[in-house]
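For reference, the structure discussed in these notes is given below.
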Amino acid sequence: MQIDDLKIILKVAEFRSITAAAIQLDMRTATASAALKRVEKMLGAELFIRTTRQLRLSSAGERYIPQCEQALQLLEQARLNMQAEQDIVEGELRLAISSDLGRNLVIPWLDDFLASYPNVSLKINISDSNIDFYRDSVDIALRYGSPDDANLYGFKICNTPTILCATPEYLKKNSTPEHPEELSSHNGLFYQLFDIIHDTWKFTQNGTDYKVKMNGNRASNDGDLVKRWCVAGHGLAVKSCLDMSTELLLGKVVNVMPEYKPSSTELWLVCPSRQSITPAVRLLRDYLRKKSKHILKKMVDKNILDTNVITD
């Protein structure tokens, strides 16, 4: 019995559809169907009950599928253990990453990473929406915020202060705010997620919290577009310091009201299971930590960020 056939069976069981499983595995439906028939012939039992509208597990399938899944997990873990012992760095990394951070900062880092490890391949899922590890077929996600699911495993990469930023040209034309109360006269550039526009900005200064309902004429569910609007001088934006690092270091945008700090966050590399933590993933974790620390230090050296960013 072929291991690849069993992997197809598990996908069919997950999606309750041969067609959907084939799409996820990037193969023809006929190929997936043939794999299912081979496994059922070998077992001498039907794993699925087929109707014109749906596919569901048979009683034999309900018994077999969980044990099949456990067996494949054991085989995969044994393979990973062997690689770890031999320091083998290879395989495919299926990485989910947000649009702004990915396109403008991390993708060049990954190019260098792949050049150093030619036996590693990469598939990127760029999206600002929350990733479902199983639905979206990704192994790891680089995202802001620590995992909120106890079943997930994660590695903190770095602190990522959020800053209020604008171009010097915009501030010259519209004045530089010195207090959150002065923001109401400025144009906000907003991030939108699940049809919710994040136009209420919160700041903290010496233990005092401020909340400002902003006005603005632009909103997008793409963080990269919000950044482009800000760099073009269309208004103020609240962004991760990493997302804006290149423009901050070049002086294209500035940190506005640095003593009033928006909510800070952290950058994490998140995995759905221990089995996902391969030698390549560990090396990628260490590489991302090194690169992000370098960028943060440059911003600290230019007094864009406080020194505690890289010491916490």
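The values are calculated or read from the model by the stated rules, or taken from the named source; none is laboratory data. Owing to the predicted nature of the structure, the values given are computational and were not obtained by experimental measurement. Glycine also receives a Cβ, built like all others from the backbone with ideal geometry; neighbour counts cover every protein chain displayed.
Would you confirm whether any residue within the stretch 166-182 is of a type outside the set (Gly, Ala, Ser), in a loop (DSSP other than H, G, I, E, B) and in contact with a His (Cβ under 8 Å, 6 or more places away or on another chain)?
Yes, some residue in the stretch 166-182 is of a type outside the set (Gly, Ala, Ser), in a loop (DSSP other than H, G, I, E, B) and in contact with a His (Cβ under 8 Å, 6 or more places away or on another chain).
Of the residues Arg38, Arg63, Arg28, Arg53, which single one is surrounded by 14 or more Cβ atoms within 10 Å (Cβ to Cβ) and of a type in the set (D, E, K, R)?
Arg38
Where residues in the stretch 107-161 are under 15 Å from Glu92 (Cα atoms) and β-branched (Val, Ile, Thr), which of them is surrounded by the most Cβ atoms within 10 Å (Cβ to Cβ)?
Restricting to residues being under 15 Å from Glu92 (Cα atoms) and β-branched (Val, Ile, Thr), the top hit is Ile140.
Give the residues of the stretch 273-282 that are touching a strand residue (DSSP E or B) at 6+ places or on another chain (Cβ under 9 Å) and either at pLDDT 95 or above or surrounded by fewer than 17 Cβ atoms within 10 Å (Cβ to Cβ) (or both), sorted by residue number.
Once the filter is applied, which keeps residues that are touching a strand residue (DSSP E or B) at 6+ places or on another chain (Cβ under 9 Å) and either at pLDDT 95 or above or surrounded by fewer than 17 Cβ atoms within 10 Å (Cβ to Cβ) (or both), the stretch 273-282 yields Ser273, Arg274, Arg282.
If the requirement is being touching a helix residue (DSSP H, G or I) at 6+ places or on another chain (Cβ under 6 Å) and farther than 30 Å from Gln77 by Cα, which of these qualifies: Val231, Val226, Val256?
Val231
Of the numbered conditions (1) more than 21 Å from Asp243 (Cα to Cα); (2) assigned to a strand (DSSP E or B), Lys202 fails exactly one; give the number of that condition.
Every listed condition holds for Lys202 apart from (1).
Of the numbered conditions (1) assigned by TED's automatic domain parsing to the domain that holds Trp229; (2) touching a strand residue (DSSP E or B) at 6+ places or on another chain (Cβ under 7 Å), Val138 fails exactly one; give the number of that condition.
In the conditions (1) assigned by TED's automatic domain parsing to the domain that holds Trp229; (2) touching a strand residue (DSSP E or B) at 6+ places or on another chain (Cβ under 7 Å), Val138 misses (1) alone.
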